[in-house]
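The values are calculated or read from the model by the stated rules, or taken from the named source; none is laboratory data. This structure is a prediction, so every number in the text was calculated from the model and none was measured. Please note: Cβ atoms are built from the backbone with ideal geometry, for glycine as well, and neighbour counts cover all protein chains shown. Heads up: the accessible areas ignore ligands, DNA and RNA and are worked out on the full protein's heavy atoms, side chains in. Shrake-Rupley method; radii C 1.70, N 1.55, O 1.52, S 1.80 Å.
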Amino acid sequence: QVQVVESGGGLVQPGGSLRLSCVTSGSIFSISAMGWYRQAPGKQREFIAVITSGGSTNYADSVKGRFTISRDDAKNTVYLQMNSLKPEDTAVYYCHATLITRSNYWGQGTQVTVSS
């Protein structure tokens, strides 16, 4: 099993930046990819970004060029650097782990609010 814990959310003004962190523990050697998703009120959860064990990354078009996913293997942590934030980025952000067994795990989510 893998435990996933997000942090770093908060209130930020439009145009500002935030960095989310996702710490994993447990069977981390079996993780094949780590991703970030978000869910705004009244909307479905949507894919934001992913980074594979090999270091490949992929982004949703809505955040490409503004958000960057990265990882620090020594700290078992994945980051989501969010720049040029917009009010429409307001959502609960979730970290997701996919294992080589196809099992997957979610964190509890962290709220990001972009408002003046």
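On the accessible surface of the chain, probed at 1.4 Å, how many percent belong to carbon and sulfur atoms? Carbon with sulfur: 48 percent of the solvent-accessible area. Only Cα pairs under 8 Å and 6+ residues apart enter the sum, and on that basis the relative contact order of the chain stands at 37 percent. Taken over the chain, the percentage of Cα pairs per 5 Å bin, counting from 0 up to the bin with the maximum distance, is 2, 12, 24, 26, 19, 10, 5, 1, 0.
For the residues Gln81, Gln13, Gln44, a GNM of the chain with alpha-carbon springs under 10 Å puts the largest fluctuation on Gln44.
Think of a 1.4 Å ball rolled over the protein heavy atoms: the chain then has 53 Å² of accessible area per residue. Near Val63: Cβ cut-off under 12 Å, other residues only, Lys/Arg at +1 and Asp/Glu at -1. The net charge is 0.
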